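> Below is the structure I would like to discuss, written out as structure tokens.
The values are calculated or read from the model by the stated rules, or taken from the named source; none is laboratory data. Given the structure is predicted, the values throughout are model-derived calculations rather than measurements. In this analysis, Cβ positions are derived from the backbone assuming ideal geometry, glycine residues included, and neighbour counts consider all displayed protein chains. Accessible surface areas use protein heavy atoms only, side chains included; no ligands, DNA or RNA. Shrake-Rupley method; radii C 1.70, N 1.55, O 1.52, S 1.80 Å.
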Amino acid sequence: MGDRANVIVVRENGAHELYRTGWAVGIDLDLLEGPRPVLAMLPELHQDGWWLDDTMAQGGILLDLGRKVLQLFAWEGPSTELRHRAATFELIRAAWPDWEVRWLYDGPAELRAYVGLDPEYVRCHDAAPSPAPFLAPDDEDLAGPDPGGVVITLGADRCHVASDAFDHPVHEGTALLDRLADAPGHGTCHLHVNAGIHLDPERRRLGWWSLFSSPQTYRVPELWPGWTVEFWQDDWERHVRVSDRFSPAAFDAGEATAAVLAEAAERLAFRARHRARVTRPQGGEVPRPNSRNLGLPPGRD
């Protein structure tokens, strides 16, 4: 698998262990089973000391077993989808009782900072932002109930949508204003996008939000000199309140929960089939998992 993520486990004595997985997309779904199944996955993962940087890390989780802190971020998955984010977090918190669950907006740098390492090690300062193309209302990329995308409202009268397959447009800085001049208009955006920007050129104010992690999130104000910049984290409803041009279609919370659970079950079954293929001995018998071969403390198998 080519979707990379770091998994960090901080033991009760404060020592941390670094793992790497190729199952980044949907890593939030792995958390719905609780701490023990996540720890049971560790023997399958790479453990080579390789910290993924801003451009390579498509997700990451950190488990602090002593303090009971769970940190996570992702580029894709139900936690990054407007319809499914709240349901995903409710399910994770239910599976991790007494744990503090934190979403990281700045990706791998925040993981390193938590364990006392220099976050600059994973920064890609020389990487120029990749401008996201603007999408017309009838673009096929915007079809379906969860098309994603970045809604950009400008003042009280304009609304545009950019692709979310590139850097968050807010990282372009003031150069974004010039590109918006020729962007196709959307009237009012009712899509379930997963990021947004509201620009008030008259007052030189900007508010932005994102459901996916965005490297160097907290340096965005430097890219907008002379502007007041507010980061709304995942509060897309604040964007709705400040702009009449963004009004995502209503959705049912119960249906969202059911959809996340179904996706989690499908992922669990797929991973089980994959594990059986790669671990099956020549004779065809798959060893029965137990506390010893999972690397867990002794207990009931």
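> Quick check on the stretch 113-136: of everything there that is touching a strand residue (DSSP E or B) at 6+ places or on another chain (Cβ under 8 Å) and not aliphatic (A, V, I, L, M), which residue is surrounded by the fewest Cβ atoms within 10 Å (Cβ to Cβ)?
P133
> What residue, among those in the stretch 95-131 that are of a type in the set (G, A, S) and modelled with pLDDT of 95 or more, is farthest from D164 (Cα to Cα)?
Only one residue tops the list, namely G116.
> Can you tell me which of A24, A95 is of a type in the set (A, V, I, L, M, F, W, C) and within 18 Å of the chain's Cα centre (by Cα)?
One residue alone meets the criteria, A24.
> Still on this structure, please answer the following. Residues being farther than 22 Å from P137 by Cα, under 20 Å from the mean Cα position of the chain (by Cα) and not aliphatic (A, V, I, L, M): count how many of those fall in the stretch 233-270.
The total comes to 8.
> Does A183 qualify as being more than 22 Å from the chain's Cα centre (by Cα), part of a loop (DSSP other than H, G, I, E, B) and crowded, with 19+ Cβ neighbours inside 10 Å?
For A183, the condition - more than 22 Å from the chain's Cα centre (by Cα), part of a loop (DSSP other than H, G, I, E, B) and crowded, with 19+ Cβ neighbours inside 10 Å - is met.
> Now, a different point. Over 20 Å from L261 (Cβ atoms) and of a type outside the set (S, T, Y) - does that describe any residue in the stretch 75-86?
Yes: one or more hits.
> Quick check on my filter: what residues within the stretch 211-226 are touching a strand residue (DSSP E or B) at 6+ places or on another chain (Cβ under 9 Å), in a loop (DSSP other than H, G, I, E, B) and either of a type in the set (S, T, Y) or open to solvent by 70 Å² or more (accessible area, probe 1.4 Å) (or both)?
Selection gives S213, S214.
> Just the residues that are under 27 Å from H198 (Cα atoms), loosely packed, with under 15 Cβ neighbours inside 10 Å and without any contact (Cβ under 8 Å) to a residue 12 or more places away in the chain, please, taken from the stretch 229-264.
E237, R241, A250, D252
> Ok, one more. Any idea how many residues of the stretch 116-143 are acidic (D, E), in a helix (DSSP H, G or I) and over 23 Å from G49 (Cα atoms)?
Summing the residues that are acidic (D, E), in a helix (DSSP H, G or I) and over 23 Å from G49 (Cα atoms) in the stretch 116-143 gives 2.
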